[in-house]
Amino acid sequence: MKKALLFVASMATALAVQAQSFSPEIDVTNWEPTTIQVPKSPLITQYLFIGGHDVVQTTPTYGNPADTALAKQWHDFIGFTPDNNGSDLGWISVNHEMVVAHDKIGDGGGMTVFKVRRDPATDSLVIVSQTLADGRSGEFFAVDFANTVGETGMNCGGISASDGRIWTAEEWWRGSNSDIADRDTGDFTIGVGTSSYAAPNGFPGYDGQTIKKYENYNYMVEIDPREAKAIRKQYNWGRQPFEGGCVMPDNKTVYLGADATPGFFTKFVADNAGDFTTGTTYVYKHDAMGTKWVEIDNSDFNKMINFNSEAVMAGATMFNRIEWVVEINGKVYFTETGRDNPASRWAPAAALGCVYAPHHMQRAADQSAEFNKTITPDSAEYWDYYGRVMMYDPATEQTSVYLEGGPYFSVDPGVSQYPDKHLSNPDGLSKININGKDYMLINEDLNGTSKGRTPAGISNRTCELFMLDMSITNPGLNDLVRIAVVPVGAEITGAIGTPDGKTILFNSQHPSTSNPFPYNNSMTVAITGWDQVTIGLPEDAFEGESFQIYPNPATRTLYFNTLSDVAIYDVNGKRINVFRQVENIDISLLKPGVYFIQNAEGITQRLLVK
Amino acid sequence: MKARWTVLIILLFAVVLSQFSFSQRPDPIEMVRAKYLADLAAFRDQGRYFKKVLEDGASSSDLKRAFEDLRRNFKRVEFLLDYLQNQDVKDHINGAPLPKTERNAPRLVIIEPKGLQRMEELVYADSLDAAQLQKLSTEFNYQLEQINRFAQKMPFDDRQVFEAMRLGLVRIMSMGLSGFDTPASERAIYESAVAWEAIGDCAALYGLLLEDKALKLKIEAEFQAGLDALRAKPDFTQFDRASFIRNYLHPLYADLLELHQKLHYETLDEVYQGVLAFDYNSPEVFSEQFFNLEYFTGLNQEAPEFEAQKELGKRLFFDPILSRDLNRSCATCHKPELAFSDGLPKSEALNGGFLQRNSPGLFNALYAERFFYDLRADRMESQMEHVIFSPEEFGSSYKLIFNRLDSSKAYKSLFKAAFPKLGGGADRYKLSRAIMAYMSDLKAFDTKIDRYLRGERTALSPEEHQGFNLFMGKAACATCHFLPSFSGLVPPFFEENESEVLGVFTAPQSGVLDPDLGRFAGGVVQDEAPFFRHSFKTPSLRNVAFTAPYFHNGAFPDLRSVLEFYNHGGAQGFGLAISHQTLPPDSLGLDEGELQALESFLEALSDTSALMHH
């Protein structure tokens, strides 16, 4: 004990930094401080589609007539289909990442679609009533999978092509009939269905193939958002634990990601533009001679059903859980969400000849240097806590790290400052073009709370939505702009921009019940007005050295010109918030009114929040 | 000893003051931080030493000694480490010695147990599996290395130290004294003393900053007396936990809050915009204020319409309008006079026969992360929905219910008063919210036991006192029915519900395993792991005296039959081969007097004052 304390004394001499102590109350009566005005946010937030609350129209299913039901929950991916031939804005397709038996909607997961138009006066979105070809009328429609392609499960990510075609991805990997929530587990014949129900939408070339029911899961599934029914399971892209994908501008090439360790990166090239039923399927192998794409013969149905073993046999490049894929200006970006200690997950495939993506070899080399021992990606010590955003360049056929998660050796951000300096386990990835400028939209989905992924003492996972200006060369974590206008405690998924650059749509997935209605349900949220606001902190926001505050009313953020401790006091001078070591703070929870803000040097300004 | 301590502290003052001549007072945070890093490094070094002892093929007693030192090193740093790197501690350092599933993974991945508790089982096993222990020890040391590495760059502030200290007290009470994390060694009291002392040392640094010496002296005296008590009688079965909590731990929980406030450091509510499961600003652990109802339910008890919501909920709860044939209500199976259970082994089904499981009592039922015996519902709405839709229960539908409610004048105005800001008629949200508002009144936080532990003028009978100590010690009840909820709500963050595999029989002595697969078959894909077969939610024991018969199948008619089942060591104790039983198969060795004492304690864990409002 004594020894330890002496040691403490010597350390204290070296390290001590005194934190500012803010008085619990300040006198606000006798002086005239500078006033900072925070105008009302010009953004309009709308809760478009609330799971478990809004009513969806269903088709005749399992012998039940067409009916209505409360929508499923667990919203994930959002697809957007522009209404190019009509006067409305377009159709929105929402995934339900779940497996649950449902008499009317169908077993497994599912999707809901609805149509919106813009209110010409306010630009806000209005849900349009529709009558579909099958006679269903209403606002929200359950996508019919059961009577078209057989059920789906865990609809997580997907593809939202620029021409409006939509694919939904079935992620949760099924290894046997015992892990599916289907009540009918009879064999499934493509183009026919099971012995007890019909699912006639087959696939050219594969019709008549009979597979186990669970083998009819884990595909990209194309849907028709206009008619709220599935078109086909994309058997020719292989059976994989899919998460995301993108269709390139040539309307022939598709890049696909699989959420697994090892996760393989797949490409499909259609013979004819726009027809994805015939073409060639490849898996990525970065060390291949010549082209880095190895064909997996999709004329052999067994190879598609057992795509994973084919990829392993091809010695494909291994990633650590690929999530969403997006094309921006001809480049392909994808999130690699990471897995803390992946060793045992990909070591067997490595033993069979698969190769680690180059950045994992580099990471292993860096970690070897740090630990002073040989570490390879399949070593027990190899870690990948934060994941990253990757870029694939079709011109060079090479992948590289675009934005590394972390930071590693992070300074704990502290509750108040979270998450400005952290990007952990990026998952959803999409884009929006606002006034001619491209932005990437990055959604987190934390794999854990350790190693600085959430602030100490807060064990709840908090997932965030970031925007990244694509014109920045070599972007870093500080270039991320957090979109602060979100319900408290909600996990954000599925963010996507409308083609007119005005609205960002996202899902708040399985929020805790402690949120007030409607935030306690999974829901689809629209935030409109991005074309009218400043995003982030303008370069000329500050002048001179004195303490300054720049409010961004749109994202409800206060920026400071120096890193500081700050406290916020209410109108009566009672301390209500303290933030430590911050350059900006989120004030979205401050109700309109008068506040006072004090920095570490005791400089106090009045804050007028509208 | 005491005097030298004081000299040292004065020396520290001198050092720190010389650094901060511009400041009025020294800042303890960097001392705490330096001590934390030093203790963490010592912990890591002991991990390496333990591995070396193991590899050298040391004797069993040397190995045990090295392991005990390793645990001691952990306990010294635990209150900060478990606060600052909670998930690392759970995943790698001191998690329960049970398999679990990987978080947030796209498929079911089972993670085998690791960390100190699993290592302890091996160290204390009759024959040593050295290879397995070496594997665990290697992994443990690597993770500890990583934790050390990351800790270097993670600053923390005074507020966080106070949270860590107070959570540390809760952890000592609920996980330490109960022997939760010492599955094989019975060294729980020794280890609690180490953790207690570390918190006390830290609190003393802050006490020095006080101008009010009375509080400083009170805190020091309580820590010292508590330490003396822990050291005086460290025997696991003999330690008087009831008196220790009442006399030292509970008062200190309040004193440290007072110290925090007097030093003007910000509190959690000023930095975190969300809601946590517990209210940091509660001075008491055994009180209604301690748990945050809002976290579990989202109910805003301060809202002006809350009373109207409760009134509506109460009416709905007792009104058969929710059932298709208007012949049963929630109260059919949740009768107020039976603490909202129904006294039957399994509730009666609508069309004759019985439901799958026993009807649980509803006191404190809202304080849970997941619902049903199999934990399949993650929210109250889903729980109610099951009853409404089930053809065996209400056999009803929302359409039918909403139509009925909307065409009733009385209900229309009740709904309007309860949800003045929401338009439209009855809906799923309003329905469930109102019933939850009613259920929020069904609280039981003021039992005789609570009052005693809070230090109020309540005496426990000698039997009740002994019963509490048995519950916390020899009878090993509190390792699953955690304090202060007496349920499976896991301290100190209270964010998850545990379930257990006991191997409950079809009848008390039948020796036949009840076929119900419990959590495994609940339809939650992440729960489809073999170790969730026959796993059931650990319910709260508050008001348990009124909710016979017991267990998910209601096959045990009284408390005594349940206690005897446990005393045997569950199904395995009776010799039935059941895999993944989470209850140790050994007999607890409780004699007649001890069983009687436990029963008296459980009966004292009653608070039905909420029924007075009926």
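The values are calculated or read from the model by the stated rules, or taken from the named source; none is laboratory data. Here the structure is a predicted model, which means the values were calculated and not measured. Heads up, the Cβs are rebuilt from the backbone with ideal geometry, glycines too, and the neighbour counts pull from every protein chain shown.
Could you please find all residues in segment A:232-269 being outside any loop (DSSP other than H, G, I, E, B) and aliphatic (A, V, I, L, M)?
A:V247, A:V254, A:L256, A:A258, A:V269
Given the conditions (1) within 14 Å of chain B (Cβ to nearest Cβ); (2) at pLDDT 95 or above, which single one is not true for A:T399?
It is condition (1) that A:T399 fails.
From the list B:Y373, B:Y398, which residue is surrounded by fewer than 21 Cβ atoms within 10 Å (Cβ to Cβ) and among the hydroxyl-bearing types (S, T, Y)?
B:Y398 is the lone residue from the list that is surrounded by fewer than 21 Cβ atoms within 10 Å (Cβ to Cβ) and among the hydroxyl-bearing types (S, T, Y).
Of all residues in segment B:263-319 being assigned to a loop (DSSP other than H, G, I, E, B) and aliphatic (A, V, I, L, M), which is nearest to the other protein chains (Cβ to nearest Cβ)?
Filtering segment B:263-319 for residues that are assigned to a loop (DSSP other than H, G, I, E, B) and aliphatic (A, V, I, L, M), the one nearest to the other protein chains (Cβ to nearest Cβ) comes out as B:V275.
Of the residues in segment B:378-415, how many are closer than 25 Å to B:N351 by Cα, touching an Asp or Glu at 6+ places or on another chain (Cβ under 8 Å) and not in a helix (DSSP H, G or I)?
Number of matching residues: 1.
In this structure, does A:G106 turn out to be among the small types (G, A, S), surrounded by 24 or more Cβ atoms within 10 Å (Cβ to Cβ) and not in a strand (DSSP E or B)?
yes
Here is a yes/no grid of residues against (1) at the interface with chain B (Cβ under 8 Å from one of its Cβ atoms); (2) surrounded by 18 or more Cβ atoms within 10 Å (Cβ to Cβ); (3) at pLDDT below 90; (4) farther than 23 Å from A:T503 by Cβ:
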| residue | (1), (2), (3), (4) |
| --- | --- |
| A:K2 | yes, no, yes, yes |
| A:F7 | yes, no, yes, yes |
| A:A14 | no, no, yes, yes |
| A:Q18 | yes, no, yes, yes |
| A:S23 | yes, no, no, yes |
| A:W31 | no, no, yes, yes |
| A:Q37 | no, no, no, yes |
| A:L48 | no, yes, no, no |
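Check whether at least one residue in segment A:550-558 is surrounded by fewer than 16 Cβ atoms within 10 Å (Cβ to Cβ) and away from chain B (no Cβ under 14 Å), and report yes or no.
no
Tell me the residue from B:S178, B:S185 that is in contact with an Asp or Glu (Cβ under 8 Å, 6 or more places away or on another chain), in contact (Cβ under 8 Å) with a residue 24 or more places away in the chain and away from chain A (no Cβ under 14 Å), please.
Result: B:S185 is the single residue among B:S178, B:S185 that is in contact with an Asp or Glu (Cβ under 8 Å, 6 or more places away or on another chain), in contact (Cβ under 8 Å) with a residue 24 or more places away in the chain and away from chain A (no Cβ under 14 Å).
For segment A:402-422, enumerate the residues that are at pLDDT 55 or above and outside any strand (DSSP E or B).
Within segment A:402-422, A:G405, A:P407, A:Y408, A:F409, A:D420, A:K421, A:H422 meet the criteria.
Looking at this structure, is B:E496 farther than 20 Å from B:S192 by Cα, within 14 Å of chain A (Cβ to nearest Cβ) and surrounded by fewer than 24 Cβ atoms within 10 Å (Cβ to Cβ)?
Spelling it out, B:E496 is indeed farther than 20 Å from B:S192 by Cα, within 14 Å of chain A (Cβ to nearest Cβ) and surrounded by fewer than 24 Cβ atoms within 10 Å (Cβ to Cβ).
Which members of segment A:370-380 meet the condition of being surrounded by fewer than 18 Cβ atoms within 10 Å (Cβ to Cβ) and charged (D, E, K, R)?
Correct list: A:E370, A:K373.
State all residues of segment B:83-123 that are in a helix (DSSP H, G or I), among the β-branched types (V, I, T) and either in contact with a His (Cβ under 8 Å, 6 or more places away or on another chain) or within 14 Å of chain A (Cβ to nearest Cβ) (or both); if no residue qualifies, say none.
B:V89, B:I93
Does B:E139 satisfy being at the interface with chain A (Cβ under 10 Å from one of its Cβ atoms) and in contact with a Phe, Trp or Tyr (Cβ under 9 Å, 6 or more places away or on another chain)?
No, not satisfied.
Given (1) in contact with an Asp or Glu (Cβ under 8 Å, 6 or more places away or on another chain); (2) in contact (Cβ under 8 Å) with a residue 40 or more places away in the chain; (3) over 20 Å from B:I29 (Cβ atoms), where does B:E222 come up short, assuming only one miss?
(2)
In a helix (DSSP H, G or I) and more than 10 Å from chain A (Cβ to nearest Cβ), is that true of B:E163?
The answer is no for B:E163.
Pick out, from segment A:280-369, the strands (runs of 3 or more DSSP E) lying fully within it that include 1 or more residues that are modelled with pLDDT of 95 or more and surrounded by fewer than 16 Cβ atoms within 10 Å (Cβ to Cβ).
Answer list for segment A:280-369: A:293-296, A:331-336.
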